[in-house]
1. For residue 239, work out the one condition from (1) touching a residue at least 60 places away in the same chain (Cβ under 8 Å); (2) surrounded by 16 or more Cβ atoms within 10 Å (Cβ to Cβ); (3) farther than 21 Å from residue 23 by Cβ it doesn't fulfil.
2. With (1) under 23 Å from residue 107 (Cβ atoms); (2) surrounded by fewer than 21 Cβ atoms within 10 Å (Cβ to Cβ); (3) within 19 Å of the chain's Cα centre (by Cα) as the list, and residue 222 as the residue in question, which single condition is left unmet?
3. Pairs needed: first member in segment 107-127, modelled with pLDDT under 95; second member anywhere, in a helix (DSSP H, G or I) and surrounded by 15 or more Cβ atoms within 10 Å (Cβ to Cβ); C-beta distance under 9 Å; at least 6 residues apart or different chains.
4. Tell me yes or no: at least one residue of segment 135-147 is touching a helix residue (DSSP H, G or I) at 6+ places or on another chain (Cβ under 7 Å) and more than 23 Å from residue 214 (Cβ to Cβ).
5. Here's a check for you: in segment 5-19, which residue that is under 15 Å from residue 79 (Cβ atoms) and at pLDDT below 85 is surrounded by the most Cβ atoms within 10 Å (Cβ to Cβ)?
6. Looking only at segment 256-291, count how many residues are within 30 Å of residue 242 (Cβ to Cβ) and at pLDDT 80 or above.
7. Which of the strands (runs of 3 or more DSSP E) found entirely inside segment 151-212 contain at least 2 residues meeting this: closer than 23 Å to residue 123 by Cα?
8. Taking segment 192-222 as the region of interest, how many residues are in contact (Cβ under 8 Å) with a residue 40 or more places away in the chain and closer than 16 Å to residue 147 by Cβ?
């Protein structure tokens, strides 16, 4: 397995706009490389469909120099916001596939809100297959992947070998689903990517995540290594090893109140590499620039 870090952890609201980067690309990627991550989970706060291609290619060259890979791309802001505009990318998937191509990423995250999206997902997956790219949907509240059963059923109905599931620990935990060994074995045939983030889901939680199935779900954010929380990451990593998962495990954790971005990324890396078995970070040979 490889270990990556998502740009989500350094995003925030800037000038009233959500999901803007609080770190520059160079600062974020240098930090990831210095800590020891294999790669980054690219998001539109760093580069996406609205970023000129020449700029994207220059950013890719910078990643090569740092021996970082782009483990997955999320190419606009609507997909991670999971809003009603999220599925629109699948109506014209080409520009989003271009971003994945430019960063040599074989995984592109999409957003699905209804069964009416199914035909568009299939068409987008067929187009993505021509480029060797897999579309993936994250376990996410208020989506067709809000529950374990729902995620499996939708993935089966898409019925494309390049459409797969991204496991994410907290969204299913907020719905009181098992997120450990039992679930990982169930989703093993459909799994292509893993996000890890911690939470304490309980009635006294100060935050609330709205769900279609059970309404509001109270929770508190928590450090990955907090022993008094909902999620057992040692069990998760052991289960991933048992099913032979060899993809990326990406830290989807953001800093808690009073915590710096660097401390969040560094402490998460140290904890996960202590309890899990990850490949050594090899020095990659920079690729020739695309033309």
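1. All conditions pass for residue 239, except number (1).
2. Every condition holds for residue 222 apart from (1).
3. none
4. yes
5. Looking at the filtered set, the residue picked out is 19.
6. So the answer is 17.
7. Strands (runs of 3 or more DSSP E) meeting the threshold: 163-168, 191-196.
8. Step one: filter segment 192-222 for residues in contact (Cβ under 8 Å) with a residue 40 or more places away in the chain, giving 192-198, 209-213, 217, 219.
If we keep only those that are closer than 16 Å to residue 147 by Cβ as well, we get 209-213, 217.
So the answer is 6.
The values are calculated or read from the model by the stated rules, or taken from the named source; none is laboratory data. Computed from a predicted structure; not experimentally measured. Heads up, the Cβs are rebuilt from the backbone with ideal geometry, glycines too, and the neighbour counts pull from every protein chain shown.
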